[in-house]
Amino acid sequence: MFKSNFDMLAPIYPLLIQQFVDDYNLDTGLAIDIGTGPGFLGIELAKITKMEIIFTDIDSDAIALANKNFIQSGTENGAQFVTANVENLPFPDNYADFIMSRGSIWFWKDSCKGLLEIERVLKPGCYAVIGGGLGRYAPETMRKRLLTSMHKELEKKNEKRPSLDEFKLMVAASGLKKFRVFTDGDVKSGKWVELNK
């Protein structure tokens, strides 16, 4: 999974992180990348902010790869690498200034419990963005190419993602206190939930 999906999506990570930095005025503090895989999203955040990054994944091999990739990136931010399940995060309440996860929610056993754990760990007044998509900053030609490749990959694996309405119902069922569901913008692709505490 790491090779095909993450490598194919490599061009969007800097764009998605720039969107998060712009939307949430990120610069310092502690960020958690949940379901990090090889760590590309967290590494991109480290490249353009002073934030300390905690890379988390349920798969210890993914954490080892994220650690290796982070070292090779040459960024100097503080970093931690934690094998953890999103349903039982080993962090205290009100801990993180920003939490992000792209593409992992589709694989969580209990998405409602995972979202509530993220809400618990988030500091008051801060944000988390969880979901999947290419972000608003992806150019249209890149978007078309990647969406075509992603749909072919899903068909080959016989996997399906929830519709936007199904995603909204799933998020609403979690009992989050403050959230909004949104897409990648005018193109209506992508499904994201923004948690605010």
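The values are calculated or read from the model by the stated rules, or taken from the named source; none is laboratory data. Treat the numbers as computed from the prediction; the structure is a model and nothing was measured. Ideal geometry is used to build each Cβ from the backbone, glycine not excepted, and the neighbour counts take in all protein chains shown.
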Verdict on Lys144 being charged (D, E, K, R), surrounded by fewer than 18 Cβ atoms within 10 Å (Cβ to Cβ), out of contact with any Asp or Glu (no Cβ under 7 Å at 6 or more places or on another chain) and in a helix (DSSP H, G or I): yes
Considering each of Ile130, Ile118, Ile53, Ile71 in turn, give the residue that is assigned to a helix (DSSP H, G or I), modelled with pLDDT of 95 or more, surrounded by 22 or more Cβ atoms within 10 Å (Cβ to Cβ) and hydrophobic (A, V, I, L, M, F, W, C). Ile118
Here is a list of conditions, (1) more than 14 Å from the chain's Cα centre (by Cα); (2) closer than 21 Å to Ile130 by Cβ; (3) part of a helix (DSSP H, G or I), and Asp61 meets all of them except one; can you say which number that is? (2)
For the stretch 176-191, indicate whether the set of residues that are of a type in the set (Val, Ile, Thr), outside any strand (DSSP E or B) and surrounded by 13 or more Cβ atoms within 10 Å (Cβ to Cβ) is non-empty. yes
Going through (1) more than 12 Å from Gly35 (Cβ to Cβ); (2) among the polar types (S, T, N, Q); (3) in contact (Cβ under 8 Å) with a residue 40 or more places away in the chain one by one, Ser104 fails only at (1)
Got a sec? Which of Ser104, Ser111 is more than 20 Å from Gly42 (Cα to Cα) and polar (S, T, N, Q)? Ser111
Identity of the residue in the stretch 92-115, aromatic (Phe, Trp, Tyr), touching a strand residue (DSSP E or B) at 6+ places or on another chain (Cβ under 8 Å) and not in a loop (DSSP other than H, G, I, E, B), that ends up farthest from Asp57 (Cα to Cα): Phe98
State yes or no: is Arg136 in a strand (DSSP E or B) and surrounded by fewer than 20 Cβ atoms within 10 Å (Cβ to Cβ)? no
Result of the Cβ filter at 8 Å on the stretch 144-155, keeping first residues that are closer than 17 Å to Asp184 by Cβ and touching a residue at least 40 places away in the same chain (Cβ under 8 Å) and partners that are of a type outside the set (Gly, Ala, Ser) and assigned to a helix (DSSP H, G or I), at least 6 apart or interchain, is Leu146/Met8; Leu146/Ile12; Ser149/Met8; Met150/Met8
When you go through (1) outside any helix (DSSP H, G or I); (2) under 26 Å from Arg143 (Cα atoms) one by one for Ala46, which number turns out not to apply? (1)
